[in-house]
């Protein structure tokens, strides 16, 4: 199936831009238009358009991520994880197939823009018993073509049998992929259509003759508006998913775990995303449309926890290596954890603190998070400078929680409690080892409960807490636009400095090899190489009534940042 899917992808990519290199006998649709929507029904489950496949096929193998997926790297990683030789051979075969097609000189000339995959609504019964076959049956692809001869040319490149056939009055090119797998293609009005089942091609052509199509679907129209208005930069991917239809499909599968997911999806309408490059930075923007009045009760309660101000923003600085913040911690959220996980977690918490999870969520929340502000040598091994922060929900309960934490640390760590006074605050810590990073520390401010490994770290955080927004140096690091978006995020924020984290991790490589052995050496090395290629990563979520917005931001590392 992997090989079939790969060939299908590459064939569509080739067809998508062949009009650049052939005699134009037809008027092909404009680049990045939604012409394909005229061929699709309104209940289409998902659509993804990929642009500039030619450029991506050339640049990806040279990237850090491309090198991560190279045969030697993956082969060693699989071997480290205990995979047998057959698994490694299968991956190498898949990789070789991709490389052969991507490096074919003629195919290189054909790669380019305008490749769209669409997944029509699968049959629930068939999906339940043979999901792979049913998804394949409902998969159709579109590209722009300048000449009807292009399918035959591509068919020859696959080195498989192909023929011209007429099926239900429709002339198609049939390409044999293996003994029982065929791919069908047809060109009409400058559009090439490919599918595993020719019936889908006939349905698409018939659909275009009707006035009712995906092009008229309100949620798809909203997705088009989102794609066109949100960016004018180089766009590489557009994605649309009908979440209402997806929920109905999941519910129809009659599987307990899947039905649970479907329950939480009630009220959600659609998901739209696009991936683009803006000022050299890679970004994925997404928006989810939903009906707030139709949401699952627990989801409604979760959305009500959003905040107007992130209390931990002042803690984020130019020295921060990792930071995440979430504004949705409450008992309602924990109650929907798998029952076994909830019980075991609750028992562990009670064993160590004498409090249950409900009592803890009564004390702190909804804002919680953690951050790493460096890695320090603790004597025998390195430790991250880790800090956890929790918004105070009810001060009396929070004070009781701090008391239980202090008692637990004193009883179990064989160290006397010490106190560092800072203005009106008391920082409690326990000196387990000489290094300051090996000192568990706890402090309660007017708005936050802090837990960290290092009393001086807490002193710094308490001083930073006096601010109300990002510092000027942090804003300079993030850039004005990104800083503003992070400040306005009302639900979750993730921030990391991958290259700096990788540099710190490499300092600990000798200790990691001693502690973990060489069983993960190749994976760790390749992962650190990928991390080293990015200077900054950020992800944030915000939502208003009936809409959720999120953005993933990746900033590549440049020579000036070495």
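The values are calculated or read from the model by the stated rules, or taken from the named source; none is laboratory data. These numbers come from a predicted model, not from an experiment. In this analysis, Cβ positions are derived from the backbone assuming ideal geometry, glycine residues included, and neighbour counts consider all displayed protein chains.
Couple of notes before you dig in:
- Residue ID - modelled with the lowest pLDDT, chosen from residues in the stretch 117-135 that are outside any loop (DSSP other than H, G, I, E, B) and touching a strand residue (DSSP E or B) at 6+ places or on another chain (Cβ under 9 Å): 135
- Residues satisfying the stated conditions in the stretch 381-394, i.e. surrounded by fewer than 19 Cβ atoms within 10 Å (Cβ to Cβ) and within 17 Å of residue 329 (Cβ to Cβ): 388, 393, 394
- Residue in the stretch 364-380 that is modelled with pLDDT of 85 or more, part of a helix (DSSP H, G or I), in contact with a helix residue (DSSP H, G or I) (Cβ under 9 Å, 6 or more places away or on another chain) and surrounded by 16 or more Cβ atoms within 10 Å (Cβ to Cβ) present: no
- When every residue of the stretch 352-363 is checked against the conditions, none turns out to be outside any loop (DSSP other than H, G, I, E, B), outside the structural domain of residue 263 (by TED's automatic domain parsing), within 27 Å of the chain's Cα centre (by Cα) and in contact (Cβ under 8 Å) with a residue 12 or more places away in the chain.
- Residues being outside any strand (DSSP E or B) and more than 29 Å from residue 65 (Cβ to Cβ) - total across the stretch 264-305: 19
- Within the stretch 37-45, the presence of at least one residue that is under 30 Å from residue 211 (Cβ atoms), modelled with pLDDT of 85 or more and surrounded by fewer than 16 Cβ atoms within 10 Å (Cβ to Cβ) is confirmed.
- Single condition residue 222 does not satisfy, out of (1) surrounded by 19 or more Cβ atoms within 10 Å (Cβ to Cβ); (2) closer than 30 Å to residue 480 by Cα: (1)
- Selection status of residue 101, more than 30 Å from residue 36 (Cα to Cα) and modelled with pLDDT under 80: no
Results for (1) surrounded by fewer than 19 Cβ atoms within 10 Å (Cβ to Cβ); (2) within 30 Å of residue 227 (Cβ to Cβ); (3) modelled with pLDDT of 90 or more, shown as yes or no for each residue.
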position	(1), (2), (3)
484	yes, yes, yes
493	no, yes, yes
499	no, no, yes
504	yes, no, no
511	yes, no, no
515	yes, no, no
518	yes, no, no
542	yes, yes, no
559	yes, no, no
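For every residue, the table says whether it meets (1) touching a helix residue (DSSP H, G or I) at 6+ places or on another chain (Cβ under 6 Å); (2) modelled with pLDDT of 85 or more; (3) over 24 Å from residue 493 (Cβ atoms).
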{"residue": "267", "(1), (2), (3)": "yes, yes, yes"}
{"residue": "278", "(1), (2), (3)": "no, no, no"}
{"residue": "286", "(1), (2), (3)": "no, yes, no"}
{"residue": "291", "(1), (2), (3)": "no, yes, yes"}
{"residue": "308", "(1), (2), (3)": "no, no, no"}
{"residue": "315", "(1), (2), (3)": "yes, yes, no"}
{"residue": "326", "(1), (2), (3)": "no, yes, no"}
{"residue": "343", "(1), (2), (3)": "no, yes, yes"}
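- Single residue of the stretch 404-422 satisfying the filter (surrounded by 13 or more Cβ atoms within 10 Å (Cβ to Cβ) and under 15 Å from residue 354 (Cβ atoms)) that is nearest to the chain's Cα centre (by Cα): 405
- Qualifying residue in the stretch 288-310 (condition: buried (at least 17 other Cβ atoms within 10 Å of the Cβ) and within 30 Å of residue 504 (Cβ to Cβ)): yes
- Neighbours by Cβ (under 7 Å, 6+ apart or cross-chain): first from the stretch 240-252, in the same structural domain as residue 124 (by TED's automatic domain parsing) and at pLDDT 85 or above; second buried (at least 20 other Cβ atoms within 10 Å of the Cβ) and assigned to a helix (DSSP H, G or I): none
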